[in-house]
Amino acid sequence: MLCRAQAVAAFATMLFSSNLMGGSYDLLGLYSQALNKSEQVAKKDNEAAQAAERRKQANGAFLPSLSASSVYQRIDTSSYSNDPRGTAPDEDQTTTKLTLSQPLFQGGGEYAGRRAANLDEDIAKLAVQASRLQLFAELSRAFYAIHKREKELANVRELMGNVKSRVGELRRFTQIGKNRRSELNTGLSQQASVRAQELKAAADLEIARSELLALVPLEDDFVLQDRLDLPKSPKGLSEYLAKLKNRPDYLTALYAQKRAEETIAVARSGHFPSVGVDANYYVQRPGTMKDSKWDVAVGVSVPIFNGGITSSKVSEAALAAKNAELSVQEFERQNTQALRQLHLNFVKLLEQLAVLSDAIKISKSNYNELLSEYRQGIINYLDVIQAENSYWEMRRTHDQAFYDAKTAWIDLNVAAGEIL
């Protein structure tokens, strides 16, 4: 999964490099840019590297250790001055040696510890994948929040242009007595209302752009291009559910359970003896053993009683393993339900878009007919405003739902552990 995410980023960088140079970004190109700048992803990469070093340390527990030491000692030999046997030790003594230590058995905990360290490295790598997925999800939401607000501002400005034109028309008609003064006031009120909506839409757009800049540093005048086409129909729910267990956070929970089981073995090793070999080679040795160049010792340590601490550690580790198992079950239940909800939400948004598209056509036709009747003097301006507001409300709702559907589609794929 990680390789796939990296391949997507590399492909996006190569394909959209010309866009990046010009300050224009599509979603995948923006994701590639963000991957190189994300502190969160970089921290997870560093944590994975740290886990790899800890794995090396765990493997090192099986290898011998070699050390060199030298000890100088000065001894008071005055008590041997009258010894007729001449057994007085040297006053100055130096011991220089090389020591090789090889652990042979440590209760089996060393093997479980190595397996746990390997799992820790796997978990850290999965955390990198999860951070990449999370970054893509956050980035895509910010990306489409901007598109959504850009479209809203464009709609409001187009509406403002229509309203201004109509207000000018009302002024002329009022001057010649074709319209009442109250109808002109209604038009002016609508113009002020739309102006307020325009100001709010512009402010919302600036906020959305600043939220994207919080995720990835870009030029202030950056431009976003939407190249993503919505599918005409979604994949079946079963296809998404089948991918759920490939998500990095699910695998993390699964590996955490396995690691907790290894922790039990580590704790249980405290009940068993440990065996090790120490070998010394003497470069310099004082006293009667000065001609002896080496010695070898095999040490065995058997635990008998330590106040029940080891048994308590085993019980604690077993409880932690049970909690890890419950976490896996909880993840499966909660995320299966969440995936069902995301899939249902996406399906309903697609259905809503289809209905709104038909409603826009009907509302537009009704608005044009009423506008024609108003210009013929059949109806008053209030009827036109109501029809116009209905049309624009329908159109703006459709556009917002369109971008909501794109965000929902990405959320659905991310929930299945995939980047588009």
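The values are calculated or read from the model by the stated rules, or taken from the named source; none is laboratory data. Nothing here was measured: the structure is a model prediction, and the numbers come from that model. Please note: Cβ atoms are built from the backbone with ideal geometry, for glycine as well, and neighbour counts cover all protein chains shown.
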Being touching a residue at least 40 places away in the same chain (Cβ under 8 Å), closer than 30 Å to T186 by Cβ, assigned to a helix (DSSP H, G or I) and touching an Asp or Glu at 6+ places or on another chain (Cβ under 8 Å) is true for just one of L356, L370, L382. Which residue is that? L382
Taking the criterion of being in contact (Cβ under 8 Å) with a residue 24 or more places away in the chain, closer than 30 Å to L254 by Cα and not in a helix (DSSP H, G or I), would at least one residue in region 397-416 satisfy it? yes
Enumerate the pairs (first residue in region 123-136 and touching a residue at least 24 places away in the same chain (Cβ under 8 Å); second residue anywhere and acidic (D, E)) with beta-carbon separation below 7 Å, excluding pairs fewer than 6 apart on the same chain, so at least 6 apart or on different chains. A124/E47; A127/E47; V128/D45; A130/D249
Does region 239-247 contain at least one residue that is crowded, with 18+ Cβ neighbours inside 10 Å and aliphatic (A, V, I, L, M)? no
When the residues of region 38-61 are filtered to those that are acidic (D, E) and in contact (Cβ under 8 Å) with a residue 12 or more places away in the chain, which remaining residue is farthest from L135 (Cα to Cα)? E47
Could you please let me know if A267 is assigned to a helix (DSSP H, G or I), farther than 30 Å from S67 by Cα and either of a type in the set (A, V, I, L, M, F, W, C) or modelled with pLDDT of 95 or more (or both)? no
Unmet criterion (only one of (1) within 30 Å of F222 (Cβ to Cβ); (2) surrounded by fewer than 16 Cβ atoms within 10 Å (Cβ to Cβ); (3) modelled with pLDDT under 90) for D76: (1)
Determine which member of the set A297, A279, A256 is part of a helix (DSSP H, G or I) and of a type outside the set (D, E, K, R). A256
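Before we move on, is L213 free of Cβ contacts under 8 Å to residues at least 40 places away in the same chain and within 24 Å of the chain's Cα centre (by Cα)?
Details: free of Cβ contacts under 8 Å to residues at least 40 places away in the same chain: yes; within 24 Å of the chain's Cα centre (by Cα): yes.
Against the criterion (free of Cβ contacts under 8 Å to residues at least 40 places away in the same chain and within 24 Å of the chain's Cα centre (by Cα)), L213 qualifies.
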